[in-house]
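> Got a structure for you, questions after.
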Amino acid sequence: MRNFLIFLLLATSLVAKEAYKLGEGMQVQELPLYLGGYISLDYKSSQTEDRYRINDLALLAYGNHNKFSYVAELEAKEFYTKRYRTEADNSTYNGKLYVERVYINYTFNENYQLQIGKYNSPVGLWNLYPINVFRETTSSPASTFIIYPKYTTGLLASYQSFGDGELSIDLMLQHNEDVDHEYNNYEIDKHYGFGVSYQIDDYSVKLNGGHFHKVNLGTLEDELYYVLVSAKYETDTYQVLSELGKQRSNDKVTTNYAGYIQGLYRLTQKYSGVVRVEAIDDRVNKINEELIIFGVTYRPLYPVAIKGEYRFHSQNKLNQSLISLSVLF
Amino acid sequence: MVGVLKIIVSSLLVSSLSLASEYVVIANKNMKNISKAQIKAIFLKKITVIDETNVVPLSLQARDSLRMKFEKDVLRMSFTRLKTHWTKQHYKGLRPPISMQSQQSILAFVKKVEGAIGYINADNLDADVKVIYRWED
C-alpha cells in the first residue's frame, strides 16, 4: 500500500498537460501516459450481519504509441472492512495491491488486433465493464462470476468489421498460470474461449463458449466447459440486458443454468431505476434459487454513482440491502 | 384556390431546400474510401488504424453547433450517451477525439497529417482534402 501512495503522490506531483476532468484521467506532461483510478465504498445489511467496506481502490495507467497501446491496473481489494452483528464484531485491513489488468495491444489494421497480458475476459456484456461505477447495481449477477473465468492471462486475438452492423470475434488463449490469481474468480492455468457478437442500431447479441482448467487443489471438477448467450437493447431512456450461461465438467453438469434479465429506466439524466430477475442452479455450491432486485442510482455526474438496492431471495433469510458510492477518477 | 396553394407549397419547399446546409466529413488525401459505419467507429475509437496508418479523429469544442449536428446525424448518439461512452473508454485505455478550436484548424490539420479525419461546413471545403461523407440538415 505504501508503494501505491508513493506512486500516487509522484504521479499527481507531475504537471498535467490539460485541465483535469473527473472520469477522464489526466495525461502526464507530453508522455504517452494517462493516469486515473476508481474507488468503491459499500454497505450491506442482511439478517446475519452489517458490513461496511472500502472495497476497491484502484490506479489505472495507460497510453499508446503508434499501433501499440497498454493498460495497467493495480487494485487494493477489500481495503478496509468492518462487520457488525457477526459472532465477533471485527474489522480487517488489506493493503496488498493486486494486478487486476496489465496488457499490451497491437492493432494491425481496422479489422485485426492482438493483445497479450492479463485482461478482462470478453465474455458476455457485463464483464466488459465490471467495476461498480459502471454497473447499474452494486451487486453483480451470479452468472458473471460462476460460469467463466473473469480474467485471462495470455493472448486475445480480435476481429471486427463494420457493415450495416458491427461484427466482432474474439479468441482467448491462456496456457500458463495467472498473473496474480488472487483477483480471479477461478485460479486457472488454461483458458481457451471464443466470442462472437453482432451489434446493429440499439441491439446487441453475443455468444461465448470455452474451456478452462482449475488448479485449486482439492476440487474434484477441474476441467470445465461453459457457454453463455447475452443480449442487450439500449436507447437513451431504456436498457434491457440479459445473460444466460451453463457450465459442465467432463462427466457432469456443474451449473445447470445461471442467468438474469435486467431492465433499466432513466428517469432523468441523473436518476435511474433498475429491476433484475436472476435464476441460478449451481450444483457445485448447491445453490438453487431465484431472486429479484430493485435498485435506484443517482449520478450527479456520470463518473459518480450513488446506488441503493434491495435483494429479495427465494430463500428469505438471504434477503439483503446494499448501498454504495463509487467514483471514477 | 388549389392552384394558389400548390404554388405556395412549392415555393416553401424550394426555399427550404435552398436554406439546407451541407456538411462534409473530410480526411487527408491519402485516406482510402470508408463507409459511414466506419466513420462512426473511428470517432468512437473502435477503429484506430486504417490500413497501415493510425487514424486521428478531430472534433470541435463540446458545445459547438456543428459538433452537435455531427453527433446527432452521423454518430446518432446523444450527448449523455457519448459522455457515458467516453467514461467507459477511459477504463479501457482510450481517449476521446482531439477537440479543435475551429473548422479552419480542422481543415489545416487534415491537410497536413496522414490519417486525420474531421468534419466541417461544406462552404469551408477546399481541394486539398478528401471528402468521404456528405450530409445535410
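The values are calculated or read from the model by the stated rules, or taken from the named source; none is laboratory data. Every value quoted in this text rests on a predicted model; they were computed, and no experiment measured them. For neighbour counting, all protein chains shown are included, and Cβ atoms are generated from backbone atoms with ideal geometry for every residue, glycine included.
> Considering each residue of the stretch B:80-97, count those that are closer than 23 Å to residue B:134 by Cβ and either at pLDDT below 95 or facing chain A (nearest Cβ under 8 Å) (or both), and give that number.
Looking only at that region, the number is 1.
> For the stretch A:292-305, give me each residue that is touching a strand residue (DSSP E or B) at 6+ places or on another chain (Cβ under 6 Å) and either touching a residue at least 24 places away in the same chain (Cβ under 8 Å) or at positive phi (or both).
A:293, A:295, A:296, A:297, A:298, A:299, A:303, A:304, A:305
> For the stretch B:49-80, give me each residue that is touching a residue at least 12 places away in the same chain (Cβ under 8 Å) and of a type in the set (Val, Ile, Thr).
Matches in the stretch B:49-80: B:50, B:53, B:55, B:56, B:74.
> Can you confirm whether residue B:61 is within 14 Å of chain A (Cβ to nearest Cβ), touching a strand residue (DSSP E or B) at 6+ places or on another chain (Cβ under 7 Å) and over 30 Å from residue A:101 (Cα atoms)?
When the stated conditions are applied, residue B:61 passes them.
> Taking only pairs six or more apart or across chains, which ones have beta-carbon atoms under 7 Å, a first residue in the stretch A:306-329 that is under 11 Å from residue A:40 (Cα atoms), and a second residue that is aromatic (Phe, Trp, Tyr) and in a strand (DSSP E or B)?
A:306/A:298; A:323/A:43; A:326/A:38; A:327/A:38; A:328/A:38
> Right, something else. With the structure loaded, tell me whether residue A:30 is without any contact (Cβ under 8 Å) to a residue 60 or more places away in the chain, under 30 Å from residue B:52 (Cα atoms), out of contact with any Cys (no Cβ under 7 Å at 6 or more places or on another chain) and exposed (fewer than 15 other Cβ atoms within 10 Å of the Cβ) or whether it fails that test.
yes
> Same structure again: Could you list, in sequence order, all residues of the stretch A:110-122 that are surrounded by fewer than 18 Cβ atoms within 10 Å (Cβ to Cβ) and either more than 11 Å from chain B (Cβ to nearest Cβ) or at pLDDT below 95 (or both)?
Matches in the stretch A:110-122: A:114, A:116.
> Continuing with this model, one more query. Tell me the residue from A:70, A:98, A:84 that is within 14 Å of another protein chain (Cβ to nearest Cβ) and aromatic (Phe, Trp, Tyr), please.
When all the criteria are applied, what remains is A:70.
> Can you tell me which of (1) of a type in the set (Asp, Glu); (2) buried (at least 18 other Cβ atoms within 10 Å of the Cβ); (3) within 14 Å of chain B (Cβ to nearest Cβ) is the one residue A:202 doesn't meet?
(2)
> In the stretch A:185-219, what count of residues is obtained for those that are in contact (Cβ under 8 Å) with a residue 40 or more places away in the chain and among the charged types (D, E, K, R)?
Total satisfying the criteria: 1.
> Within the stretch A:166-188, which residues are surrounded by 16 or more Cβ atoms within 10 Å (Cβ to Cβ), over 16 Å from residue A:146 (Cα atoms) and at pLDDT below 95?
Across the stretch A:166-188, the qualifying residues are A:178, A:179, A:180.
> Can you find, within the stretch A:123-143, the residue that is surrounded by the fewest Cβ atoms within 10 Å (Cβ to Cβ) among those that are more than 13 Å from chain B (Cβ to nearest Cβ) and part of a loop (DSSP other than H, G, I, E, B)?
So, considering only residues that are more than 13 Å from chain B (Cβ to nearest Cβ) and part of a loop (DSSP other than H, G, I, E, B), the one surrounded by the fewest Cβ atoms within 10 Å (Cβ to Cβ) is A:140.
> What is the number of the single condition among (1) modelled with pLDDT under 95; (2) away from chain B (no Cβ under 14 Å); (3) within 23 Å of the chain's Cα centre (by Cα) that residue A:56 does not meet?
Among (1) modelled with pLDDT under 95; (2) away from chain B (no Cβ under 14 Å); (3) within 23 Å of the chain's Cα centre (by Cα), the lone unmet condition for residue A:56 is (2).
> Kindly establish whether residue A:168 is closer than 24 Å to residue A:109 by Cα, within 13 Å of chain B (Cβ to nearest Cβ) and without any contact (Cβ under 8 Å) to a residue 40 or more places away in the chain.
yes
> So which residues in the stretch A:45-101 are in contact (Cβ under 8 Å) with a residue 40 or more places away in the chain, outside any strand (DSSP E or B) and under 25 Å from residue A:182 (Cβ atoms), if there are any at all?
Once the filter is applied, which keeps residues that are in contact (Cβ under 8 Å) with a residue 40 or more places away in the chain, outside any strand (DSSP E or B) and under 25 Å from residue A:182 (Cβ atoms), the stretch A:45-101 yields A:95, A:96.
> Oh, and also: Kindly list the number of the only condition in (1) within 14 Å of chain A (Cβ to nearest Cβ); (2) surrounded by fewer than 17 Cβ atoms within 10 Å (Cβ to Cβ) that fails for residue B:134.
Condition (1) is where residue B:134 drops out.
> Does residue B:134 count as of a type in the set (Lys, Arg), within 28 Å of residue A:235 (Cα to Cα) and outside any loop (DSSP other than H, G, I, E, B)?
Taking the combined requirement at face value, the residue satisfies it.
> Looking at the stretch B:65-79, which of its residues are within 21 Å of residue B:34 (Cα to Cα) and within 12 Å of chain A (Cβ to nearest Cβ)?
Selection gives B:72, B:76, B:77.
> Residue by residue through the stretch A:104-133, note down the ones that are within 24 Å of residue A:55 (Cβ to Cβ) and free of Cβ contacts under 8 Å to residues at least 24 places away in the same chain.
Those that are within 24 Å of residue A:55 (Cβ to Cβ) and free of Cβ contacts under 8 Å to residues at least 24 places away in the same chain: A:127, A:128, A:129, A:130.
> Another one. I'm checking my understanding of the structure. Among residues of the stretch A:147-165 that are in a strand (DSSP E or B) and not small (Gly, Ala, Ser), which one is surrounded by the fewest Cβ atoms within 10 Å (Cβ to Cβ)?
Ranking the candidates gives A:159 first.
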